[in-house]
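Participant: Handing you this structure, nothing more for now.
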Amino acid sequence: MGKTYKIAVIPGDGTGPEVVNEGRKSLKAAATKFGFKLEMTNFDFGGERYLRTGEILPDSAADDLRKFDAIYLGAIGHPGVKPGILEKGILLRLRFELDQYINLRPVRLFPGVDTPLKNKGPEQINYCVVRENTGGIYTGTGGVSMKGTPHEVAVQSEVYNRHQVERCLRYAFEYARKYGKKAQGKADVNTLALVGKTNVLTYVFDLWERVFHEVGAKDYPDIKREYYHVDATCMYMVKSPEWFDVLVTSNMFGDIITDLGAETQGGMGIAAGGNINPEGVSMFEPIGGSAPKYTGQNIINPLAAICAGAMLLETLGELAAAKAIENAVREITATKITSLSAGKMGYSTSQVGDMVAERV
Ligand code: IPM
Ligand code: MN
């Protein structure tokens, strides 16, 4: 008998519950096929709960979640709650308290999926962004004074220490070694590119750049090192995405460039990510948000959530099961779905979920 994994499920707000529901179908199918068990426990964190109880997240949440092998998240964000409250109070707080210091965001165009990039296909759009996930401007020191006056001052600083930078870079090097283009049989070497702004942020990205080359030269000489400024990276993500293999960058830059990346892979309907603590419990999510206007209509695209489920299994070490889900999604995008947009898939949310699960 195979292993049993304990999965915490946070369906969350808006279309979150619908897409998580479809994701569960594939996870269950994969578990049955590959001989392991998934024991799922629901947590009701999100906007509804906040409006009902006035509590954003119980203080015990992180400790409770730490007892699980992984967390599967739908979406956080509610039209009845002021923007920022739930995002900061649930999503960011969990990332920080669970020390999920990596945000892994593959940018992969699946067969049959439309991209806004002219003359680019799955061969060209196939890279991964390793975003630092618990530091930088997101936690930076700051404050405001003289608020509401013409002299108002607002400060929010990019703060990184060596420890944060080094552990993120090491993860990225390891990832490049294991999953880079050489590892995929598509290049002679695995490449890791640092994305920064060394020409302006001369303290923070000087730190990143020095640690990058120091750690790379010493422990990862087999991995080719490149550097790109973040603005140029945006150009190349559109013009020459085939140049990229694995990219590593700060929290804020990673946030921004992965929305661009998601759009090039067909949009939020397919983009998945993992908030990873390599030594602890990780949390997987479709990166599209709660899409309130599509809620409850059975038209939202569940593929991003399904792909997040595959990433979850990969992190648990169930590689064959993860591949089976990914391949099933590829088959669906190549042969079935007409568009990845909500309401235009040619199938309902639950039909798409069923089709993927059947193929798993
Ligand atoms: C993301 C989101 C979050 C972030 C928001 C909702 C706080 O944009 O996961 O990319 O900025 O990290
Ligand atoms: Mn974002």
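What follows is calculated from the coordinates using simple rules that are stated; it is not laboratory data. Owing to the predicted nature of the structure, the values given are computational and were not obtained by experimental measurement. Note that each Cβ is placed from the backbone with ideal geometry, even for glycine, and that neighbours are counted across all protein chains shown.
Participant: Given (1) within 16 Å of ligand 2 (Cβ to nearest atom); (2) within 20 Å of Gly196 (Cα to Cα); (3) of a type in the set (A, V, I, L, M), where does Ala272 come up short, assuming only one miss?
Facilitator: It is condition (2) that Ala272 fails.
Participant: Sort out which residues of the stretch 234-293 are within 21 Å of Ala304 (Cβ to Cβ), buried (at least 24 other Cβ atoms within 10 Å of the Cβ) and of a type in the set (Asp, Glu), and write them in order of number.
Facilitator: The answer is Glu285, and nothing else.
Participant: Has the stretch 104-124 got at least one residue that is away from ligand 2 (no atom under 14 Å from the Cβ), free of Cβ contacts under 8 Å to residues at least 40 places away in the same chain and within 26 Å of Val9 (Cα to Cα)?
Facilitator: The answer is no; no qualifying residue exists.
Each row is one residue, and each column tells you yes or no for (1) away from ligand 2 (no atom under 16 Å from the Cβ); (2) within 19 Å of Gly16 (Cα to Cα); (3) surrounded by fewer than 19 Cβ atoms within 10 Å (Cβ to Cβ).
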{"residue": "Glu55", "(1), (2), (3)": "yes, no, yes"}
{"residue": "Ala62", "(1), (2), (3)": "yes, no, yes"}
{"residue": "Gly89", "(1), (2), (3)": "yes, yes, yes"}
{"residue": "Arg95", "(1), (2), (3)": "no, yes, no"}
{"residue": "Leu98", "(1), (2), (3)": "yes, no, no"}
{"residue": "Tyr101", "(1), (2), (3)": "yes, no, no"}
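Participant: Taking the stretch 100-127 on its own, how many of its residues are within 16 Å of ligand 1 (Cβ to nearest atom) and under 19 Å from Thr233 (Cα atoms)?
Facilitator: Result for the stretch 100-127: 5.
Participant: Next up: May I ask you to list the residues in the stretch 118-159 that are in contact with a strand residue (DSSP E or B) (Cβ under 8 Å, 6 or more places away or on another chain) and closer than 16 Å to Asn103 by Cα?
Facilitator: Tyr127, Cys128, Val129, Val130, Arg131, Glu132, Asn133, Ile137 - these are the residues of the stretch 118-159 that are in contact with a strand residue (DSSP E or B) (Cβ under 8 Å, 6 or more places away or on another chain) and closer than 16 Å to Asn103 by Cα.
Participant: Also, I was wondering about something else. Looking at Glu174, is it surrounded by 13 or more Cβ atoms within 10 Å (Cβ to Cβ), out of contact with any strand residue (DSSP E or B) (no Cβ under 7 Å at 6 or more places or on another chain) and under 13 Å from Leu247 (Cα atoms)? Walk me through it before giving the result.
Facilitator: Working: surrounded by 13 or more Cβ atoms within 10 Å (Cβ to Cβ): yes; out of contact with any strand residue (DSSP E or B) (no Cβ under 7 Å at 6 or more places or on another chain): yes; under 13 Å from Leu247 (Cα atoms): yes.
Criteria met by Glu174.
Participant: Okay, next question. Looking only at the stretch 254-297, filter to residues that are in a helix (DSSP H, G or I) and among the polar types (S, T, N, Q); which one of those is nearest to ligand 1 (Cβ to nearest atom)?
Facilitator: Once the filter is applied, the top-ranked residue is Thr258.
Participant: From (1) farther than 20 Å from Leu109 by Cα; (2) part of a helix (DSSP H, G or I); (3) among the acidic types (Asp, Glu), pick out the condition that doesn't hold for Glu314.
Facilitator: (1)
Participant: Taking the stated definitions as given, is Glu214 free of Cβ contacts under 8 Å to residues at least 12 places away in the same chain, more than 12 Å from the chain's Cα centre (by Cα), surrounded by fewer than 18 Cβ atoms within 10 Å (Cβ to Cβ) and at negative phi?
Facilitator: So Glu214 fits the description; yes.
Participant: Sticking with this one: Considering only residues that are free of Cβ contacts under 8 Å to residues at least 40 places away in the same chain, more than 13 Å from ligand 1 (Cβ to nearest atom) and acidic (Asp, Glu), which ones fall in the stretch 65-99?
Facilitator: Once the filter is applied, which keeps residues that are free of Cβ contacts under 8 Å to residues at least 40 places away in the same chain, more than 13 Å from ligand 1 (Cβ to nearest atom) and acidic (Asp, Glu), the stretch 65-99 yields only Glu97.
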